[in-house]
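A quick write-up on the structure given underneath.
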Amino acid sequence: MKKLFYVLMASLLVAGMASCEKPAPTVKPGGETPGGETPGGETPGGNTPGGETPGTEYKDVEVILKTAYIEAICDWPEENDWKATRIGETRWDLSYDEYGHIVSALVKGDKEKGYLFDYNDDFTSCDVTTEADENIVIYNLKLNDKGLCTQFTNNLKDPAEVWTYTYDADGFQLTASIGGEVKTSYVVQNKNVFTWSRDGSRLKEHKYDTKDNVADIHTSYSEDAGLSRFLYETGLFGRSSEKVCTEAKWQDRDAKATFEYEYDEATGGIVKEVKYYAGDYDFDVCFAVEKKTIKVKK
């Protein structure tokens with residue numbers, strides 16, 4: 001029985017990508033279906049998520065987890081017709097195994113936007129499929145011993161794109177490369193993303209509040225790493241900043257992005273991130289957070 005490991009959630013365009021016409025992605029050998037509990041308690045593939053390592057002792061720990069992710073985009077002014085494709089709302093309901101690993105991200109009534117994660121037995125590889133066709137691998141991830149993706153193959157591209165990533169000892173992404181060329185790199189200070197680069201020259205700087213970033217919200221991420229915001233939220237591509245990001249600004253521009261947040265009183269987790277650019281409302285991203293008891297290694 002396969003185990004499911006650590007997983008799963010600019011761009012914000014992965015949902016649309018799954019429905020675009022693309023060359024035939026990889027077909028999963030054997031037609032196996034991935035497991036993982038859905039919010040309704042049904043298991044898409046029947047496999048039991050998680051699983052304890054023989055001889056390992058576990059303890060129960062209370063944590064704050066994102067239980068749902070919503071993309072909510074504002075109604076742009078009519079003169080900005082090119083942005084019209086970003087209008088809308090998509091809700092991913094996330095489900096976890098008893099160890100806190102996210103095992104699926106499903107959209108009610110839209111199987112093409114429902115993502116499933118299927119891992120090999122030693123957790124070194126993960127195939128990502130959708131509910132629409134659980135045999136078609138849209139993404140393949142190679143994982144290191146910390147469960148972070150070091151190689152990402154995007155089969156939705158023609159030809160398929162293969163990205164590689166490096167991380168520091170704390171689990172922050174440091175570089176993203178394609179074809180041997182570094183496309184973006186991070187500088188991390190005091191466990192917060194200080195800058196990330198574009199084309200090796202331009203730098204985007206970030207400022208932070210004193211509030212803790214409860215539930216690991218990825219406001220500060222590189223848009224040049226071949227990944228959508230959704231994929232950053234999975235945690236598979238590195239951790240987010242320890243504190244809450246309040247400002248992001250290119251060094252060569254006067255305009256800047258600022259962020260405001262709404263919080264869940266019971267948990268302190270972020271339930272809404274609101275972005276403004278040059279003082280104008282840009283968009284918001286909403287989350288649901290929940291206290292859960294999970295098993296962790298002693």
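Nothing in this text is a laboratory measurement; each read-out follows from the coordinates by a stated rule. Bear in mind the structure is a predicted one, so any value in this text is a computation, not a measurement. Every residue, glycine as well, gets a Cβ built from its backbone with ideal geometry; the counts of neighbours run over all protein chains shown.
Remarks
- Cα centroid of the range 229-269 to Cα centroid of the range 109-151, whole Å: 25 Å
- Packing-based order for 246-253, 148-155, using average beta carbon neighbours within 10 Å, highest first: 148-155, 246-253
- Summarised as an ellipsoid, the range 182-298 has semi-axes of 25, 18, 12 Å, derived from the eigenvalues of the Cα gyration tensor scaled by 5 and square-rooted, with the largest first.
- Cα gyration tensor, the range 100-257 - rounded (a/c under 1.5), prolate or oblate: prolate
- The convex hull of the Cα atoms of the range 163-212, projected and averaged over all directions, covers 3.9 nm².
- Here the peptides 168-180, 207-219 are ranked by packing, the mean other Cβ count within 10 Å, and the order with the highest first is 207-219, 168-180.
- In the range 175-298, a dipole from Cβ-located charges (positive for Lys and Arg, negative for Asp and Glu) runs towards its positive end, and of 176, 221, 279 it is 176 whose Cα lies farthest in that direction.
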